[in-house]
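**Student:** Sending over a structure as structure tokens; questions will come in a sec.
Any read-out appearing in this document is the output of simple, stated calculations on the displayed coordinates, not a laboratory observation. Please read all numbers here as calculations on a predicted model, not as lab measurements. All Cβ positions, even for glycine, are placed from backbone atoms using ideal geometry, and neighbour counts span all protein chains on display.
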Amino acid sequence: MINIRNYVRPQSLEEAYQLNQKRGSRILAGMLWTKMESGSVGTAIDLYGLGLDAIQEDDSRFTLGAMATLRQLEQHPGLQAYTQGALGRAVRDIVGVQFRNMATVGGSLWGRFGFSDVLTVLLAMDTDVELYKGGLVPLEQFAAMPYDRDLLVRAVIRKTPGTFAYQAMRVQRTDLPVLTCAFSHIGGEYRAVIGARPGRAMVLRDQEGLLAGGITPDSARAFAEWAARHTPTGSNVRGSAAYRTHLVKVLVRRAALEVGGIQE
């Protein structure tokens, strides 16, 4: 468990930012991973009172507040319609409803965990994150950045027309994934995102033009094999590197066929 010496609810993002510059400070989100750590936190900064717990939708985008929960993502009708249910499928096996009622968008993205279903699926979309000092940053760029002391304020998903699919392999439902895969056809390009490699999720684009003629069983298989050759994998308690490489081929092919509207 952690020991918190000082707990603060800032009245503004500027106050939260200034507090977070001090060594030993920690932003609190859902506290679901933080509580399993050990050690001492000098100042715990709770963003709950700053109005960041809503999901807003207009004609061109969705705005996900950093303190919005994964359960809100799962149940938002606009997001489910836009993603053809892919977003809901990505989060529905994250532990359980009680967990998803507490886990936040901001915590899931800021952590940039390799096993993050949320990071994987949002990378398949036209997504930016808004940092308090850094401004709007493409999520793909943010995922590769080192940790710093800026604040993640919200995520922005533009309603770029697209088709989406999500696949994951778990040893058992609600466990952390062995491998995750999101696939999309958006903005005129095909995009596969591979997470739980076990490293951070990475984006693969159809650089070889294997899908240039559209998705067919043969082109989906060829792209999946290419993706497996270009996805670095590693081993941990959930699976070996070789097993994960095999899963890349399986899950990318399945997701591509789903985006192409082809039933196996």
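**Student:** With (1) assigned to a strand (DSSP E or B); (2) farther than 26 Å from Arg5 by Cα as the list, and Leu73 as the residue in question, which single condition is left unmet?
**Tutor:** Going through (1) assigned to a strand (DSSP E or B); (2) farther than 26 Å from Arg5 by Cα one by one, Leu73 breaks only (1).
Conditions (1) free of Cβ contacts under 8 Å to residues at least 24 places away in the same chain; (2) crowded, with 22+ Cβ neighbours inside 10 Å; (3) farther than 26 Å from Tyr190 by Cβ, marked per residue:
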| residue | (1), (2), (3) |
| --- | --- |
| Leu79 | no, no, no |
| Arg92 | yes, no, no |
| Val97 | no, no, yes |
| Ala103 | no, yes, yes |
| Gly107 | no, yes, yes |
| Val121 | no, yes, no |
| Met125 | no, yes, no |
| Leu131 | yes, no, yes |
| Glu140 | no, no, no |
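**Student:** Which pairs have Cβ atoms under 6 Å, sit 6 or more apart or on different chains, and link a residue in the range 161-182 that is in a strand (DSSP E or B) to one that is charged (D, E, K, R)?
**Tutor:** Within 6 Å, the pairs are Ala165/Glu258; Tyr166/Arg89; Gln167/Arg254; Pro177/Arg170; Val178/Arg238; Leu179/Arg244; Thr180/Asp117.
**Student:** Give the range 81-90 a look and list any residue that's surrounded by 22 or more Cβ atoms within 10 Å (Cβ to Cβ) and of a type in the set (A, V, I, L, M), or say none.
**Tutor:** Ala86, Leu87, Ala90
**Student:** Identify, from the list Pro217, Pro146, the residue that is exposed (fewer than 14 other Cβ atoms within 10 Å of the Cβ) and in contact with a Leu (Cβ under 9 Å, 6 or more places away or on another chain).
**Tutor:** So the residue among Pro217, Pro146 that is exposed (fewer than 14 other Cβ atoms within 10 Å of the Cβ) and in contact with a Leu (Cβ under 9 Å, 6 or more places away or on another chain) is Pro217.
**Student:** Quick check: is even one residue across the range 198-206 more than 13 Å from the chain's Cα centre (by Cα), of a type outside the set (Lys, Arg) and part of a strand (DSSP E or B)?
**Tutor:** Looking through the range 198-206, at least one residue is more than 13 Å from the chain's Cα centre (by Cα), of a type outside the set (Lys, Arg) and part of a strand (DSSP E or B).
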